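Below is one structure, written out as structure tokens, with a few remarks after it.
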Amino acid sequence: MTASAEMPKYKCHKEVWALKIKAIEQSPPSDPAPEDSGGTWLLIPEDARYGSIKVTHNGYVLKHKPEVGGYYVVYADGYKSFSPAKAFEDGYSPV
């Protein structure tokens, strides 16, 4: 089956909370996440006013594949995600 028309285009108009990621580090083995066999990781924000964000290996790192320079994003419903820098900066402005 081939498409006969271009897919509809959408514009984002939601607000999110986000921090740009400066570094990603694995937490020490003494800091396990029992529900996640891969342990925990720390997302270190570029903005030094904010502390590290602890995420699980299986629940966040494998699912979202965060990269340094991208953004840790939290939506209004509490869902936590990752966005590459260009996609985030092209779609969002500080409020």
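Think of a 1.4 Å ball rolled over the protein heavy atoms: the chain then has 76 Å² of accessible area per residue.
Apolar share of the accessible surface for the chain: 56 percent from carbon plus sulfur atoms, 1.4 Å probe. From the coordinates of this entry, mean projected area of the Cα convex hull in nm² is computed, and it appears in [x] 9.0; [y] 5.8; [z] 5.2 under the label [x].
The values are calculated or read from the model by the stated rules, or taken from the named source; none is laboratory data. In this text, all values refer to a predicted model and were calculated from it rather than measured experimentally. Accessible surface areas use protein heavy atoms only, side chains included; no ligands, DNA or RNA. Shrake-Rupley method; radii C 1.70, N 1.55, O 1.52, S 1.80 Å.
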